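The values are calculated or read from the model by the stated rules, or taken from the named source; none is laboratory data. Note that this is a predicted model, so its numbers are computed, not measured. Because the Cβ atoms are built from the backbone with ideal geometry, glycine has one as well, and the counts that use them run over all protein chains shown.
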Amino acid sequence: MILYSFVFLITMLAALLVRRPQPIYATSRQQLLNKISLVAIFGVLFLLCALRIEVGNDYLTYVQNAHEIYVGGITVTEPGYNLIVKLLFMLSGYENYLLIFAVFGCITIYIFLRSMYDQSQSFAMSFMLFMALGIYFRSFTTVRYYLALAIALYSIRYVLGKQYIRFILIILIAALFHKSVLIVIPMYLFCAMTWKKWFCAVLVAVSAALYILKDQVMEIALKLYPSYKDTIYLTMGVGIKDSLPALARCSLIFVLCIFCYREAVKDNKANTLYFNMTLLSFVLYTGGSFIPMVSRFGYYLITPQILLVPGVYMSLEDGKKKKYVLFAITAAAALYFIYFLYTASKPGIAVLPYRTWLFTDLEWNNIEDVLTYSNR
C-alpha cells in the first residue's frame, strides 16, 4: 500500500506541472515542461509495471498461455497477442515472460497517457482519477483487456470527430488483443446519438427487459464467448452486489452532471457523449448484472469518466462553485483510492502485495522454472 501511495503521490506532483500551452511554432517553456513531466510519469509507471513478478490475479495464467502459444498448443487468446508473444520469445531466444509484461505494459501506459493529454480538459485531474480509481494498477492483471481498454479510450476522438471508419478500424485492431472490445462499436456510436429526455424511460425498460429475458441473453452471450461455457467464469462477478462500486461511482457522476448540467453538459458534445456512456453503463450494471464478468463490458463505458469529470469541472465559470466541485472530486477520488487499496489484495485483482524480480536470482528458461519459483 505504501509503495502504491508513494507512486501516486510523486506522479501526481509531476502531472500538476502539465498544462496545455497555446500552439506556437517554437517550443515554449511550458511545452518543454510538459514533455519532461510526461516522460517522468511514464518512466515511473512503466518501471513499476515492468519490474513486477506474480502481481496480478492472472499473472501465472498468462505465463502458462504464453508457453502454450510458443509450443503450438491450444489457446483461446487472440491472434495479435499470440503473434507478439511468439515474436518476443523468438527475439529473446527463450520463453522470456518478463519481457511480455514489460512490452504490453509499456504500450498500455503510453496509450492511456496520450489519450488523457490529447483529449482531457485537465490532464492533472484525469491522471488523478486514472490512478485513484485503480485503472493503472488494475492493468497489472488482465493484460490483454487493459490494452484493448486503452485503445478504446483513444478511439473516442474519432467518434467525436465523426471519423467513423477510422474509429471502427482502430477497434478492429484492438480486437486482435481482446475481442470483447468489439462491443464498443455499437455502444459508442449509440451514445454519440442525440438522446431525447424520454429516452431515459426507454433505458429503464431495456434494463428491466434484460433481466426478465436473462436466460435468452445468457444464451446469446455464450454463443459469443463459448470459452466461458461450463467454467468458473459463469459465477464470477454476477449480481448487483458485485457491481455496487461501479454503480456508486456512476451515481456520483450523475449528481455532478445534474448539478452542472446547464453549464457543462447540455451543449457540450464531448461531455454529453461521456454522460450517455455513464447512463448506458448504469443500465448494464443493473439489468445486466447476471452476465458473467459484466465489468468487462461496463468498463468500456465508465473509463471515459476520467475525461468527463475534468470536462465538467473546466466548463464551470462560477469560481465559488468551481471550488466546491474541485473539493468534492478530490475527496471522492481519495476515498475511492483508499477503498481500492483495501480490496487490491483480494482474489480477482491481487495486485497487492507487490513483488519485484529485482535482486532475485531468476533462471526462467521454461514453464517448469516459473511454476517452481511460484511455489516457493
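So here's what we get for this one:
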read-out	value
Residue match in the stretch 19-34 (condition: part of a helix (DSSP H, G or I), modelled with pLDDT of 95 or more and either crowded, with 18+ Cβ neighbours inside 10 Å or in contact with an Asp or Glu (Cβ under 9 Å, 6 or more places away or on another chain) (or both))	no
Filter result for the condition that a residue is at pLDDT 90 or above and on the phi < 0 side of the Ramachandran plot, over LEU244, LEU301	LEU301
Sole exception among (1) more than 20 Å from ILE291 (Cα to Cα); (2) in a helix (DSSP H, G or I); (3) of a type in the set (Phe, Trp, Tyr) for PHE177, by number	(2)
Subset of the stretch 114-161 [in contact with a Ser or Thr (Cβ under 6 Å, 6 or more places away or on another chain), in a loop (DSSP other than H, G, I, E, B) and under 29 Å from VAL85 (Cα atoms)]	SER139
Residues of the stretch 292-338 satisfying the condition of being surrounded by fewer than 23 Cβ atoms within 10 Å (Cβ to Cβ), over 18 Å from the mean Cα position of the chain (by Cα) and of a type in the set (A, V, I, L, M)	MET314, LEU316, VAL325, LEU326, ALA328, ILE329, ALA331, ALA332, ALA334, LEU335, ILE338
Checking VAL370 against (1) among the β-branched types (Val, Ile, Thr); (2) at pLDDT 90 or above; (3) in contact with a Leu (Cβ under 9 Å, 6 or more places away or on another chain); (4) under 30 Å from LEU98 (Cβ atoms), the condition it does not meet	(2)
Matching entry among ILE109, ILE156, ILE151 (being under 15 Å from the mean Cα position of the chain (by Cα) and either of a type in the set (Phe, Trp, Tyr) or within 23 Å of LEU341 (Cα to Cα) (or both))	ILE109
Residues within the stretch 250-267 that are surrounded by fewer than 20 Cβ atoms within 10 Å (Cβ to Cβ) and either more than 16 Å from VAL204 (Cα to Cα) or charged (D, E, K, R) (or both), tallied	9
Only one of LEU256, LEU307 that is over 17 Å from CYS191 (Cβ atoms), aliphatic (A, V, I, L, M) and modelled with pLDDT of 90 or more	LEU256
Test result for ILE232, farther than 20 Å from TYR300 by Cα, β-branched (Val, Ile, Thr) and modelled with pLDDT of 70 or more	no
Filter result for the condition that a residue is at pLDDT 75 or above, under 25 Å from the mean Cα position of the chain (by Cα) and either aliphatic (A, V, I, L, M) or crowded, with 18+ Cβ neighbours inside 10 Å (or both), over VAL238, VAL181	VAL181
Positions within the stretch 48-67 being over 18 Å from the mean Cα position of the chain (by Cα) and in a loop (DSSP other than H, G, I, E, B), in sequence order	LEU51, ILE53, GLU54
The listed residue being of a type in the set (Phe, Trp, Tyr), out of contact with any strand residue (DSSP E or B) (no Cβ under 6 Å at 6 or more places or on another chain) and within 28 Å of ILE329 (Cα to Cα), out of TYR136, TYR164	TYR136
Test: residue in the stretch 334-352 that is β-branched (Val, Ile, Thr), under 30 Å from MET90 (Cβ atoms) and at pLDDT 80 or above	yes
